[in-house]
Structure formats: C-alpha cells, structure tokens
Amino acid sequence: MKFDEQERGVLRRAGFSVADDHEAAYLEGLVVIGAHDDETLWLTITLRNDYRVVCALPRDETIVAITEND
C-alpha cells in the first residue's frame, strides 16, 4: 500500500522524507520511549513542526519486538 498524494503532502509538511516508491516515510527527529504504567509504554515522536505523535505500546510486546533479532 502506498501513501496517496494528500498523505505525502501532510508527511512532508511534518518534516518527513517520503521514499521514492511512496511506501515509507522517514524522519530525523527526537523519539522517546517512556514507562507509563505496569502494562504500557509511551512512544513519543517530536516532529520538525513541533507537533508530537504519541503512541501507547504494550510493554511486553515492545520489549519482544526490540530484542527479537538478537
């Protein structure tokens, strides 16, 4: 699935670089993972336009995903 024209425009305005195949977007920015409670981590991405994207992640699944390739 590729980003459509509107999505690409929004991503670029937020500071992302969209890949030539329009299937991925990349960002050089600050990413913070914080412990929220016993079951949840918060992933915060600060965009170049000073907006933030915050995602709630299950702690156990996040640790498994990070260490899966070890």
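Values for this structure:
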item: Distant-in-sequence amide H partners of Leu41 (H built 1.01 Å from N, under 5 Å); result: His36, Leu57, Arg59
item: Using θ = phi - 60° and Karplus 6.51 cos²θ - 1.76 cosθ + 1.60, couplings along region 54-64 (whole Hz; Gly, Pro as x); result: 10, 10, 8, 10, x, 4, 4, 5, 5, 5, 4
item: Residue-wise HN-Hα coupling along region 4-21, computed from phi with Karplus coefficients 6.51, -1.76, 1.60 (Hz; x: Gly, Pro); result: 7, 4, 5, 4, 4, x, 5, 4, 5, 5, 7, x, 7, 9, 8, 4, 4, 7
item: Mean accessible surface per residue for region 5-68, computed with a 1.4 Å probe while every protein chain stays in place, in Å²; result: 78 Å²
item: Amide hydrogen neighbours beyond the local backbone of Ala14, cut-off 5 Å, H modeled; result: none
item: Answer label for log10 I(q)/I(0) by the Debye sum over Cα atoms at q = 0.11, 0.23, 0.24, 0.25 Å⁻¹ (calculated), chosen among (1) -0.39, -0.93, -0.98, -1.02; (2) -0.43, -1.27, -1.31, -1.34; (3) -0.36, -1.00, -1.02, -1.03; result: (3)
item: Share of carbon and sulfur in the accessible heavy-atom surface of the chain [1.4 Å probe, %]; result: 50 percent
item: Full-extension gain in nm, Thr40 to Ile66, via 0.36 nm per residue minus C-alpha separation; result: 7.9 nm
item: Distance-filtered residues of region 1-41 - backbone nitrogen under 14 Å, label point 7 angstrom along Tyr51 Cα→Cβ; result: 6-17
item: Estimated vicinal HN-Hα couplings, Hz - region 23-37 in sequence order (Karplus 6.51, -1.76, 1.60; Gly, Pro = x); result: 9, 8, 10, 10, 9, 9, x, 8, 10, 10, 10, x, 6, 9, 8
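The values are calculated or read from the model by the stated rules, or taken from the named source; none is laboratory data. Nothing here was measured: the structure is a model prediction, and the numbers come from that model. Methodologically, a virtual Cβ is constructed for each residue, glycine included, from the backbone with ideal geometry; neighbour enumeration extends over all protein chains shown. All accessible areas refer to the heavy atoms of the entire protein, side chains included, with ligands and DNA or RNA removed. Shrake-Rupley method; radii C 1.70, N 1.55, O 1.52, S 1.80 Å.
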